[in-house]
Structure formats: structure tokens, C-alpha cells
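Single-structure report; data block below.
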Amino acid sequence: MELNYTPEQQAFRAEVRAWMAANVPSQSLKTLEGREGFDQHVLWERKLASGNWGMVTWPEAYGGRGLDLIQWLIFEEEYWAAGAPNRANQNGIFLLGPTIIEYGTDEQKARFLTPMAHGEIMWAQAWSEPDAGSDMAAIRSRAVRDGDHYVINGQKTWSSRAAFADWCFGLFRTDGESSRHHGLTFILLPLDTPGVTVRPIRQLHGETGFAEIFFDDVRVPVENRLADEGEGWKVAMATAGFERGLMLRSPARFQATAKRLVQLYDQHSQTASPQARDAVLQAWMDAEAYALNTYSVAAQVMAGRKIGAEASLNKIFWSEMDRAQHRAAMSLLGAAAELRTLDDGEANAWLEGYIFSLSGPIYAGSNEIQRNIVAERLLGLPR
Amino acid sequence: MDFRLTQDQLELQNAVRDYLTAEHDAALLRRLDAGDSRDPAIWDGLVDMGLTGILVPEDCGGLGLGLVEAALVAIELGRANVSEPLADTALIAAPLTSAEQQSEIATGKLKVALAHNVNPWIADLDQAGLVLGGTHTESATPLESVDPLRRLFASDETSGSDDLLDRAALITAAQLLGISEHILSLATDYANQRVQFGQPIGKFQAIKHHLASVAVKIEFARPVLLRAAYALENNHGRAALHISHAKVATTDAAMLAGETAIQVHGAMGYTYEVDLHFWMKRAWALAGAWGDRAFHIRRIEAGVFTGALETNHSNIFSKE
């Protein structure tokens, strides 16, 4: 056990810190869940790309920096400490990008990765369907082969970023005789393809960050298929693995929230209840614990261990911590918690964050599904 | 930066675990419970394993290891529910004693009891050749713990140091982690065996979700404990704060594990017949020992809220 940063790691930290200090917007952007805010966030993605800070963990050949996990953690620490915006390109960086790097042809890598790294194309996910939520293998949307095209019919829903994104990626049933996780294929397509209808869904906070996608005889070239026909489930599980794993929510984000929460407590210490004080301390401790655990898992992954069902422990922990952190802030704000704009004229980020945090235990595999995975695959209870 | 245990550390922990699994099982706990709760043969076995010399320098006849190794051994003492005063003597007190005393600790001749004003008791005072932070009185009043294998004596005048408190809280936290892991494994085994409605109860999601929540608590307490051990070993400025965090995290894990396990065991969990109660009662005892949750939360809040601690997140491994 060696819990010290090397001089190289310290120098890297200084480099990130300097770039962020010079480039992070001084005014906070509007919410990523609305059109105006989304466009602001896309500009920020391009700014990051201009400094080659967009896809830091990707190999250099595809526009990344080839950072190892410790460097990634350092990058994230400096990113969130600098107050930098949320990532509009999250789906591309952590979900689709690594999947294309693992399963894509050379041609697909060249075609998709570079524009993704440059912040030119924003990606939406298209997994869930009205009857395939936690039970993702119940997918029914069909993709029927017709010459060198697939013809897609069906419906996707809860598609993150689809209201504003350019392309989507998801699973479609190519084998009409198949059931469950067989006969599914991973396909990428532009959201402006004829026959695609995107219907934004108004979310809890009033904005339209996700959407339904309807497919009506949508023709997609075969070269937009990732991996072989019928291999979609395996490819998607790799994506879900990345998603649930280490990188979806970096610890630094929660540490930054914990730090702001301590500052909020300091402003309200005269009126804060003992329960609120305890909740703030718990939030601070949990953020540290999450960071320590990530460093620990990162070290094992760097030594060659694969992340499996352990990723579910992570997802349960961060999502419930996120909700608790914001609940603590709401409690400190008291009667002002309901106001959408606070005294300083800024949007009530705690309220927005609280609302967003309520989605955490649901998306990327609900925490009930995650607890099943932990119980069955880590503890060995019967399926 | 490499937050992995070394091969030597893993081998040490596995060796201690294998030894205790073979030599210190639940049947032994029942035998001790029926008798007077200590057996010199157990102590001799621990001495033969070299465990009394973990922290004793090599030139005093020990292994000269550090607090990370001590914490790993303490995890195994918790897992096996060892009651001999090995943790107090060898993993906590040894570095605070003279070279001569350390030699006697390593050979197993000297047992040390620990006194501190955070505890109203001294454990295993009657066997101790040395009392750190207190004095040896022949007439000390025995106290009865809920844990049938603890031997406690009333304590009045104590002067234990902060250093003693930190070391003891760290090693107690490590035992709580081992206890938590064992309780989870007992409850999981029971859920796999107990059949109701024609299936093992572990097949019901209500049971799965309870046990998964315990697994989450344990997973996120472990690195907090290891960081605390590393920080104290390397004299980091925030070691005391990290130890308090570890004590809170492992206490919460152990209490949740105990309450969950008794629920999973149903009425059987409420009996003396299943082994669960030995570990659950040890968890209750250690939860309050060497600073209870409130005590350690106060130490943490003093660091977090006064600005004495810069909560910048690049500093989780800070030496200052």
C-alpha cells in the first residue's frame, strides 16, 4: 500500500488545475436538461476538446490522452474542484466510446470516435422501452434486415439526452423468433433519419432532458451495426458494465458537493438542527469513503482485475449518497428550499440537484436490481 | 499511489484467518462460555503464530511490522471472535512500552491491560502484568458485559493518552470490520439453508436486499479503515480524524449487520442456540468501546466545521 502521489502525478494535477483555472466559465451554465443550457454545455465540450481534455481516458489514437485510472481520478478531482460544468457528452465518453473501442471496426472507430472526442456529435441512449425497463431483455423494437439496411420499427423511452442529441445508440431485436437476450443487435443511428420521431418528456423539474423515440420504417445502413448481428446483449452488458462501474460517477463530484454542503452549513449553523448537522457530516464521510473505495478498486483494475458485480455496490452507494447529500442541503435551506432562485439571484442548485438525485437510484439499473445482483453474484444467494 | 495490500500483507492475513478458522471455531466459543472464558492454550497458540510480536521491533524479538498489518490481524481477531487480550497487548499497547516490555510481549510473557477515561472499565485486568494509563489494583470490581466472553473490571483513576486512544480505536474498528463480515456470512449461510414456502428464504428479494445493504456498508467501511491505519503508521496530521471516521464507519456496518442478521435468522436469531449472538454481542460491546459513535462524530465535526481541516478533495491522502 502506497498512498502517495508520484511527482509525475503531482505535475499532472498542476497542469489540469492551471487549464481549468484559465478556462472554466466564471458564470454557471443553464441546466443541461433544457435546450439553451444543453447548447451551452456543448460549447463547453468543444472547449474541453480544444485543450484535449474531452476524453482523457481514451487512447491517444482516438483523440484521448490514454490516462490511467489514477490520472483520471486526479483529472476529475481538479475538474470538479474548479466548478466545471456537468458533461453533456457523458454518454459518449463513458458508455459508447469505450464500447466502440472494444467492439468497433477500424472504420467505425475512425468514423465515430473522432467527432465524439471533438464534441461535434452528442449521443443519446436508446435502451428502455415501455415494457422493457428493469427487464431490459424484454426489448421488442424490431430491426429487420433488408439488403444492406436494417428497417427499424418500435419505440424507445427514457432516452437520456434524446431531446437535444444528434445520434442515439441502443438495442434492437433482429431475430423475430428470438426471445430474451438472444437475437438482439447493437445499432447506432442519427436522430434526424426519416421515420424517427423524438417526443420530449417533461421531467420532474419541468425540463425535457429525456425523450421517447418512435421508429417508423427507419432505414439504417448495416455498417451502423456494432459487433455481429445477435451479439447486442453482450455488447450492451459491456456498456452497462462501464456505466455501473468505476467511471459513471467520479468521487470528486460528490466530494465537491460535500464541500459545498459544509460551506452551506457554516452559513446556516445558527439555525441548523442537530439532525442536519449529522447529515452534513455523514455526507462528508460518505464522499471520502466513496473516493477511498474508488482508489482501492482502481488500483486493482490497473493490476488486471475485471470489475464485475462489485460495480453494483458502487452504484447503490453513490446514488443513495447523492440523494442524502442534497436532502441535507434542502433541510439546511429550510423554507427557502422550495424557491427556484435563491437570494444571490442564482438558480437553486440544491433543489435542482435534489430532484436530479432522485433519478440516481432508478437509472442505469434500479437499485433493487443492483441489490439482487449483489445478493446473487457476490453473496451467493439463490436466483 | 497504489491502494492495494501487498502480497506479504495478504499472506499474513490469510495465514491468520486459516489458523483461526481451524483452531478458534464456534464450538470453542461455546466451551469458553461454559467455562471461565479464557484458556491459556489459546494464548499459547497465538504466541506460537508470532502474533504477539507483530508490532515489536525485530531486535526485541518481534516481526517489526506496521499498523496496516496490525489492522489486518485485528480484522481476523474480530472475524474469529478472539477474546484473549492479544489486540490490547500486541496490536495496541506494544509500541507504547519499553524495549524490555516489548520483548516480554513478543514472547507472550507479558499481557497488557488498557485504561482510558473514555471507558468505564478495563478489560482483562486480572491477567495483566502492566496497565497502560492506569494502575493495577488487586481489588478491582468485576463488571458483567452483555458479551459473555469479555472480562471487564471497574476502572476509576485513569490517565490514558490520546495516542493510546487513537491506536485502540483503530484496532477496535478493525475488529468491528471482521465481525461485520462474519455476521454477514452467518446470515447468508442461514438464508441459503432455511426453507419456507418451499424455497430457501435467500431466494426472496426482501432477504436479498437486506443482506445486499449490509454488503454495501462493509465495502465502503474497509478502505476507510485501511487509510486510517496507513495514516497513523505514517504520522499523517489527520490520522486521528481518519481513525474516528473508521470507528464510525465500522460501528455502523457492524450494527447494521447484527440487526439485519437477527432479522434474517428470525426467531432462531433470538436464541442462544445459533452462533450469531457471540458476534452480535461483541459488536455491541466494541461499538461503545474506545469512543462511541457520538465521541468520534464530535472529533470529526471539530475537524470539518471549524475550518481547521481544508476539505479540498485532493487531500484524502494528505500528510499534513
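Here the simple spin-label model places points 7 Å from the Cα toward Cβ, and for B:Lys109 and B:Asp33 these points are separated by 3.7 nm. Axis of helix A:310-333 versus longest Cα principal axis of chain A: the two differ by about 50°, to the nearest ten degrees. With R₀ fixed at 22 Å, the C-beta to C-beta distance from A:Arg142 to A:Asp228 puts the FRET efficiency at about 0.80.
Segment B:Arg298..B:Ala41, full-extension length gain: 88.4 nm, with 0.36 nm per residue of separation and the alpha-carbon distance subtracted.
Summed over qualifying helices (DSSP H, 4 residues or more, each -39500 (n - 2.57)) and divided by its residue number, chain A shows a 222 nm mean residue ellipticity of -13500 deg cm²/dmol. With a/c under 1.5 counting as rounded, go ahead and sort segment A:150-269 into rounded, prolate or oblate using the C-alpha gyration tensor (a ≥ b ≥ c being the square roots of the eigenvalues; past the cut-off, prolate if a/b is larger than b/c, else oblate). The shape class here is prolate. If the chain linking A:Glu177 and A:Gln300 were pulled fully straight, counting 0.36 nm for each residue of separation and taking away their Cα-Cα distance, it would gain 40.1 nm. Remark: the B:Met268-B:Asp48 segment gains 75.5 nm on full extension, using 0.36 nm per residue and subtracting the alpha carbon distance.
Shielding value for A:275-288 is 4, the average number of Cβ atoms from other chains within 10 Å of each residue's Cβ. Distance check, please: which entries in A:Lys259/A:Lys315; B:Lys208/B:Lys247; A:Lys315/B:Lys217; A:Lys156/A:Lys234; A:Lys234/A:Lys315; B:Lys217/B:Lys281 exceed 23 angstrom between their Cα atoms? In this structure, B:Lys208/B:Lys247 lie more than 23 Å apart at Cα. In deg cm²/dmol, rounded to 500, what helix-only [θ] at 222 nm does chain B give when every DSSP H run of at least 4 residues adds -39500 (n - 2.57) and the total is split over its residues? Helix-only estimate at 222 nm: -17500 deg cm²/dmol. Of all DSSP bridge pairs formed entirely within chain A, close to 85 percent run antiparallel.
Put a dot 7 Å past the Cα of B:Asp156, heading toward its Cβ, do the same for A:Thr193, and the two dots end up 8.6 nm apart. Here the peptides A:363-372, B:88-97, B:129-138, A:301-310 are ranked by packing, the mean other Cβ count within 10 Å, and the order with the highest first is B:88-97, A:363-372, B:129-138, A:301-310.
At a Förster distance of 56 Å, what's the computed FRET efficiency of B:Gln199 paired with A:Ala335, Cβ-Cβ distance as r, to 0.05? In this case the efficiency is close to 0.65. Looking at the protein assembly as shown, send over the antiparallel percent of its DSSP beta bridges, to the nearest 5. Roughly 85 percent of the DSSP beta bridges within the protein assembly as shown come out antiparallel. Mean partner shielding of peptide A:312-325, defined as the number of other chain Cβ atoms within 10 Å of each residue Cβ, is 2.
A short reminder: the numbers here are calculations on the coordinates, not readings from a lab. Computed from a predicted structure; not experimentally measured. Here the Cβ is made from the backbone with ideal geometry for all residues, glycine too, and neighbour counts use every protein chain on show.
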